[in-house]
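What follows is a single structure, written as structure tokens, with notes after it.
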Amino acid sequence: MILIDGKKEAAEIREKLKKEVSQIKKEKNQVPGLTVILIGDLAPSQIYVRMKEKAAIEVGLKSEIIKYPDSIDEKSVLDKISELNKDNSVSGILVQLPLPKHIDKKKVIGTISPNKDVDGFHPHNVGNLSSGYESIVPCTPLGCYLLIKKYEKNLSGKKAVVIGRSNLNGKPMTQLLLKENCTVTITHSKTKDLKSECLKADIIVAAVGIPELVKGDWVKKDSIVIDVGINKTDKGIVGDVAFDEVSKVAKALTPVPGGVGPMTIACLLKNTINCFKKIYN
Ligand code: NAP
């Protein structure tokens with residue numbers, strides 16, 4: 001079984017991006033900038049934002065975090081985003097989710113300029129992706145896609161099963177696999193007999209949030225299994241795939257941690273640099 005080392009792959013991507021940023025700096029005397037808006041004091045959000053900032057600085061990006069208390073009103077946030085949209089030193093804008101209840105996620109995402117929407121959540125980018133046009137792709141599915149492509153160059157005609165239909169993961173993942181001419185089945189909590197769907201798959205992407213849902217006898221021999229899940233359990237952090245069982249059957253499998261997670265951040269940096277290049281040109 002091939003252990004798909006997302007940590008190593010992400011480090012290679014970051015190294016390439018570092019060189020790219022230094023080249024941009026030399027040629028244009030500018031560096032791409034990532035601005036993150038963090039509202040409230042949820043511990044996981046604070047950790048994710050710190051990780052993003054550290055990674056951005058490491059590749060040489062300009063990184064800014066704008067922090068607001070939970071009590072901030074929606075208009076102030078929307079006004080700030082509009083200001084950042086016009087600021088040429090800002091290439092990418094990310095609003096860390098989840099948001100406090102009184103702030104409308106749809107309005108916030110819709111206010112970010114589609115050209116600076118490094119998360120790829122703006123309806124403009126979602127529409128482009130589902131139409132098969134060029135778009136900014138959400139970071140986690142983009143990371144999964146790059147890992148799959150690393151181990152399987154030709155995906156045409158492969159049967160893929162995506163577990164989960166969130167806007168964040170399942171839906172964009174489905175679009176990326178469709179673009180590669182996979183035959184994709186998207187499954188969710190109302191899917192009947194998920195096991196038999198999985199058993200048909202050459203590629204499984206699990207983005208559910210249920211610890212070790214995908215068992216060894218759900219997986220066809222020689223399939224590629226990508227585990228997006230991050231679940232806190234008594235055993236520590238585990239994915240949506242029962243790693244020990246599935247590793248005995250699959251051709252290739254991502255570990256948790258060290259699989260998809262590091263790729264998400266690397267792809268955020270990649271998206272930021274691509275936004276800079278697009279705006280600059
Ligand atoms: P989400 O928004 O909660 O969506 C979960 C999806 O799973 C939903 O579509 C849901 O179906 C489906 N589902 C729930 N129970 C199911 C079942 N028994 N069988 C089949 N499908 C089922 O979750 P998410 O934001 O996509 O995140 C999924 C997981 O990925 C979480 O563990 C999260 O922490 C992790 N994650 C990891 C990264 C990373 O960088 N590695 C990034 C983001 C998220 P319905 O639509 O019918 O409710």
**Study point:** Any chance LYS52 is closer than 17 Å to ILE93 by Cα, open to solvent by 70 Å² or more (accessible area, probe 1.4 Å) and not acidic (Asp, Glu)
**Key:** no
Check your understanding: So, in region 183-211, of the ones that are surrounded by 20 or more Cβ atoms within 10 Å (Cβ to Cβ) and more than 19 Å from THR140 (Cα to Cα), which residue ends up nearest to the ligand (Cβ to nearest atom)?
Key -> CYS198
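Kindly establish whether SER223 is closer than 30 Å to ILE136 by Cβ, over 16 Å from the mean Cα position of the chain (by Cα), polar (S, T, N, Q) and more than 10 Å from the ligand (Cβ to nearest atom). Steps first, please.
Numbers: closer than 30 Å to ILE136 by Cβ: yes; over 16 Å from the mean Cα position of the chain (by Cα): yes; polar (S, T, N, Q): yes; more than 10 Å from the ligand (Cβ to nearest atom): yes.
Judged against the criteria, SER223 is a match.
Restricting attention to region 127-148, which residues are assigned to a helix (DSSP H, G or I) and either open to solvent by less than 10 Å² (accessible area, probe 1.4 Å) or in contact (Cβ under 8 Å) with a residue 24 or more places away in the chain (or both)? Walk me through it before giving the result.
Taking region 127-148 as the starting set, the residues that turn out to be assigned to a helix (DSSP H, G or I) are 127-130, 139-148.
Once the filter is applied, which keeps residues that are assigned to a helix (DSSP H, G or I) and either open to solvent by less than 10 Å² (accessible area, probe 1.4 Å) or in contact (Cβ under 8 Å) with a residue 24 or more places away in the chain (or both), region 127-148 yields LEU129, SER130, CYS139, THR140, PRO141, LEU142, GLY143, CYS144, TYR145, LEU146, LEU147, ILE148.
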Practice item. Starting from residues that are within 11 Å of the ligand (Cβ to nearest atom) and surrounded by fewer than 24 Cβ atoms within 10 Å (Cβ to Cβ), keep the ones in region 234-254 and report whichever is farthest from THR174 (Cα to Cα). Key: ILE237
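Name the single residue, out of those in region 149-182 being hydrophobic (A, V, I, L, M, F, W, C), within 21 Å of GLU134 (Cβ to Cβ) and open to solvent by less than 40 Å² (accessible area, probe 1.4 Å), that is farthest from the ligand (Cβ to nearest atom).
In the first step, residues of region 149-182 are kept if they are hydrophobic (A, V, I, L, M, F, W, C); the result is 155, 160-163, 168, 173, 176-178, 182.
Filter once more, keeping what is within 21 Å of GLU134 (Cβ to Cβ): 155, 168, 173, 176-178, 182.
Remaining after also requiring open to solvent by less than 40 Å² (accessible area, probe 1.4 Å): 155, 173, 176-177, 182.
Values: LEU155: 21, MET173: 9, LEU176: 14, LEU177: 15, CYS182: 19 Å.
Within region 149-182, the match that is farthest from the ligand (Cβ to nearest atom) is LEU155.
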**Study point:** Check on LEU97, surrounded by fewer than 16 Cβ atoms within 10 Å (Cβ to Cβ), closer than 30 Å to LYS221 by Cβ and either in contact with a strand residue (DSSP E or B) (Cβ under 8 Å, 6 or more places away or on another chain) or among the aliphatic types (A, V, I, L, M) (or both)
**Key:** no
Point to revise | Output for region 65-94, where each listed residue is touching a strand residue (DSSP E or B) at 6+ places or on another chain (Cβ under 8 Å), aliphatic (A, V, I, L, M), closer than 19 Å to ASP119 by Cβ and free of Cβ contacts under 8 Å to residues at least 40 places away in the same chain | key: ILE65, ILE66
Exercise for review: Would you confirm whether any residue within region 25-37 is touching a residue at least 40 places away in the same chain (Cβ under 8 Å), open to solvent by 30 Å² or more (accessible area, probe 1.4 Å) and among the charged types (D, E, K, R)?
Suggested key: yes
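The values are calculated or read from the model by the stated rules, or taken from the named source; none is laboratory data. Just so it is clear, the model here is predicted, and its values are computed rather than measured. Reconstructed Cβ throughout: ideal geometry from the backbone, glycine too, with neighbour counts over all protein chains shown. Side chains are part of the model used for accessible areas, which takes the heavy atoms of the whole protein and leaves out ligands, DNA and RNA. Shrake-Rupley method; radii C 1.70, N 1.55, O 1.52, S 1.80 Å.
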